[in-house]
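> The structure follows.
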Amino acid sequence: MTKCQRYGYHPAMNLDARVKALLDGGAGDEAATAAIEALGPNILGFLGGLLDEDDARDVFSMFAEDLWHGLPGFRFECSLRAWAYRVARNAASRFRKDAYRRRAERFPTTMASRLAASIADSAQLPGGRRDSLRQLRESLEEDDQTLLSLRIDRELEWEELAVVLSAEGAPVSAAALRKRFERLKDRLERLAREQGLLG
């Protein structure tokens, strides 16, 4: 049983069917382009909620490269959207750990990175870090920020969240995520009241 099957989630028909048909027809570049164009703006918004604007754009470029190279091996055992968010989350984690970020190296210009740049240039990332509620969110652990962002901002289903947030070999149940989410909401509400952000 695969990770995606463990959560009882099956692919949505629209984009998944189109991308699968392109891959099955040997049109890998077109499949990757379709996936990045369709999912890219939301993925970029998700990354913009976790990172500052420049870092979000760099990680989005990493995501596009990872999706481009990984898509031929994707078996559609879960939704393409859930898998793409997982790829983006992994890229963000790698980015935070990698030393290249401090060296500010430029990414190589490939077809995927050019597509990522065109999407990033036309998309609006969330505003700067000036909002007090956003600062509260940023005080949370990375996984908690990701859970809130994907559930509230990106409206992922619980089964999709389970796919995105499960670590290698350690699946997460949708029920456990619901409980965790409720605790997070309560905690944020308490902190917001303490800071005078709520009436």
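> Just to be sure I understand the filter: pairs with C-beta atoms under 7 Å, separated by 6 or more residues or on different chains, first member in the stretch 170-184 and at positive phi, second member among the acidic types (D, E). Which pairs pass?
Note: no pairs meet the criteria.
> Taking the stretch 143-177 on its own, how many of its residues are of a type in the set (D, E, K, R) and either at pLDDT below 85 or not in a helix (DSSP H, G or I) (or both)?
5
> Out of the residues in the stretch 13-59 that are without any contact (Cβ under 8 Å) to a residue 24 or more places away in the chain and outside any helix (DSSP H, G or I), state the one that is nearest to the chain's Cα centre (by Cα).
Across the stretch 13-59, the extreme among qualifying residues is M13.
> So which residues in the stretch 71-99 are in contact (Cβ under 8 Å) with a residue 60 or more places away in the chain and farther than 15 Å from D143 by Cβ?
Of everything in the stretch 71-99, those that are in contact (Cβ under 8 Å) with a residue 60 or more places away in the chain and farther than 15 Å from D143 by Cβ turn out to be R75, F76, E77, C78, S79, L80, R81, A82, W83.
> With the condition kept exactly as written, say whether any residue in the stretch 19-36 is modelled with pLDDT of 95 or more and under 21 Å from S149 (Cβ atoms).
yes
> With the condition kept exactly as written, say whether any residue in the stretch 94-101 is buried (at least 17 other Cβ atoms within 10 Å of the Cβ) and modelled with pLDDT under 95.
yes
The values are calculated or read from the model by the stated rules, or taken from the named source; none is laboratory data. The structure displayed is predicted, hence computed values, not measured ones. Counting neighbours? That spans all protein chains shown, and the Cβs are built from the backbone with ideal geometry, glycine included.
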